[in-house]
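Worksheet for the structure shown next.
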Amino acid sequence: MSKKEINLCDAEGNTTTLPLKTGSHGPTVIDISNLYQQSGYFTYDPGFTSTASCRSAITYIDGEEGILLYRGYPIEQLAAQSSYIEVCYLLLYGELPNGEQLAKFDHIIKHHSMVHEGLKNFYSGFHHDAHPMAIMVGTVGALSAFYHDSTDITQARHREISAHRLISKMPTMASYCYKYSNGQPFVYPQNHLSYAENFLQMMFSLPSEPYKANPTFVKALDLILILHADHEQNASTSTVRLASSSGANPFASIAAGIASLWGPAHGGANEAVIKMLEEMVNSGQNIEHYIKKAKDKQDPFRLMGFGHRVYKNHDPRAKIIRNMCHELVDELGAENQPLFEMAMKLEKIALEDEYFIQRRLYPNVDFYSGIILRAMGIPLNMFTVIFAMARTVGWIAHWLEMMDDPQQKIGRPRQLYTGHKRRDYRSVVDRD
Ligand code: SDX
């Protein structure tokens, strides 16, 4: 057996030799693509805790060391020195742009930011109190009904145009959800503004008065967008990859990713964190009551914003965003704001509690992002929409990578069947 192979031996003495593959970072993988044909065995890995679903060159995470790299660049350096639009270019094209490339890309993204006027009619079909994520799933999916000129996914240029359109239109469509919910007029994008500032003006400006976004809010939002741009094969990215593996168009596939992100165990956690903190502040119960609930296996309560499937050390994004959280709270003089106070108390207690230490449950990026968004006046039900806005570039980068991968085929997992063995139909008169 060469060092590039591994032998699988079963109780009957049958041996299957499988190839090993090593990437540029991370664990070596056992290539099981021919395991069933060679051995008659499937593998079983619910939740894919030990399974590499694809090969990818976009993002690398080391959960033990708390490392996150976008195309090899540490998230700490990108957060400190880059911008979201530059990170979008990096994730899509694999390299940091030079000045001319960045200016051209920024111009393209800005000039796709308007949506077809007909798309606005979709919003009026929703109740005013519809959750914005429900609206985003519907309207982003509906984009495929407007852009027939770029849904031939076999053409690289069509794929690139769709990528630009989705990245550019997400802030516009997201802000429309908010404007529709409060009966205010939709606000058009302004091409002279940066991505983050443009979103804030579409969210909060009114036709009746001038608006200038708080520069600290613009900086905080751009940071949140950078930190949420991509994260390897998380649930929503895997959803986009599986949906588009059938040849579904990118708009429909991204809508599937938005739906997956909405769950409270995933992107919905930032909204759930604030709801949890508000309950803690308003319930009159002490924090220990909630810590006890979080440990109780009979109780579905979890400490939202804590734990991660991959990070069993600190989430590097959480460490970065925690500093921004403190900066913003200090600037706003909100350090004794009950929600922030409760969050800091909870963070301290959880980090000293044996249950969390033993399970390596640390605050994740969602624990702090919600506090920042709340401080910026973003409504709670828009938190996950902002996550979706940021993650669109990551979903698209993975879609493009998959479409260019010669090994790409339709995703079709198998199962461990535990149902009835074959049995014959009995007519209703013969049943008990
Ligand atoms: C995101 O995958 C990604 O990359 C996602 C993301 C991205 O950028 O795309 O990083 C974004 O989704 C961040 C995570 C946001 N979710 C939350 O904050 C929700 C709260 N967290 C948990 O639901 C949970 O930690 C998960 C879902 C995030 C991870 O769950 P795992 O890896 O499946 O871990 P597990 O459920 O097997 O938990 C291991 C143990 C269990 O206890 P034991 O059975 O071993 O006794 O830890 C416990 C769990 O009960 N546990 C928690 C807990 N999270 C795990 N107990 C209390 N509170 C928690 N938050």
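Annotations
- Conditions (1) within 10 Å of the ligand (Cβ to nearest atom); (2) of a type outside the set (A, V, I, L, M); (3) closer than 30 Å to Leu166 by Cβ: number failed by Pro363: (3)
- Gly419 meets all of the listed conditions (1) open to solvent by less than 70 Å² (accessible area, probe 1.4 Å); (2) touching a residue at least 12 places away in the same chain (Cβ under 8 Å) but one, namely (2).
- Number of positions in region 231-260 that are farther than 24 Å from Thr154 by Cα and open to solvent by less than 20 Å² (accessible area, probe 1.4 Å): 1
- Arg302 vs. criteria of a type in the set (D, E, K, R), closer than 20 Å to Arg360 by Cβ and surrounded by 21 or more Cβ atoms within 10 Å (Cβ to Cβ): no
- Odd one out for Phe340, checked against (1) within 19 Å of Asn286 (Cα to Cα); (2) open to solvent by less than 70 Å² (accessible area, probe 1.4 Å); (3) within 16 Å of the ligand (Cβ to nearest atom): (3)
- Filter result for Ala390 (touching a residue at least 12 places away in the same chain (Cβ under 8 Å), in contact with a Leu (Cβ under 6 Å, 6 or more places away or on another chain) and open to solvent by 20 Å² or more (accessible area, probe 1.4 Å)): no
- Pick from region 259-298, criterion among the charged types (D, E, K, R), more than 10 Å from the ligand (Cβ to nearest atom) and touching a residue at least 40 places away in the same chain (Cβ under 8 Å), ranking: nearest to Gly47 (Cα to Cα): Glu271
- Options Ala229, Ala235, Ala213; residue that is away from the ligand (no atom under 16 Å from the Cβ) and of a type outside the set (Val, Ile, Thr): Ala213
- Within region 328-354, residues that are within 14 Å of Arg374 (Cα to Cα) reach partners that are of a type in the set (D, E, K, R) and assigned to a helix (DSSP H, G or I) with beta carbons closer than 8 Å, at six or more positions or on different chains, in the pairs Glu335/Glu341; Leu339/Glu278; Leu339/Arg374.
- Members of region 354-376 that are more than 12 Å from His314 (Cβ to Cβ), touching a Lys or Arg at 6+ places or on another chain (Cβ under 9 Å) and not in a helix (DSSP H, G or I): Arg359
The values are calculated or read from the model by the stated rules, or taken from the named source; none is laboratory data. For clarity, every value in this text was computed on a predicted model and none was experimentally measured. For neighbour counting, all protein chains shown are included, and Cβ atoms are generated from backbone atoms with ideal geometry for every residue, glycine included. Ligands, DNA and RNA are excluded from the accessible area calculation, which covers all protein heavy atoms including side chains. Shrake-Rupley method; radii C 1.70, N 1.55, O 1.52, S 1.80 Å.
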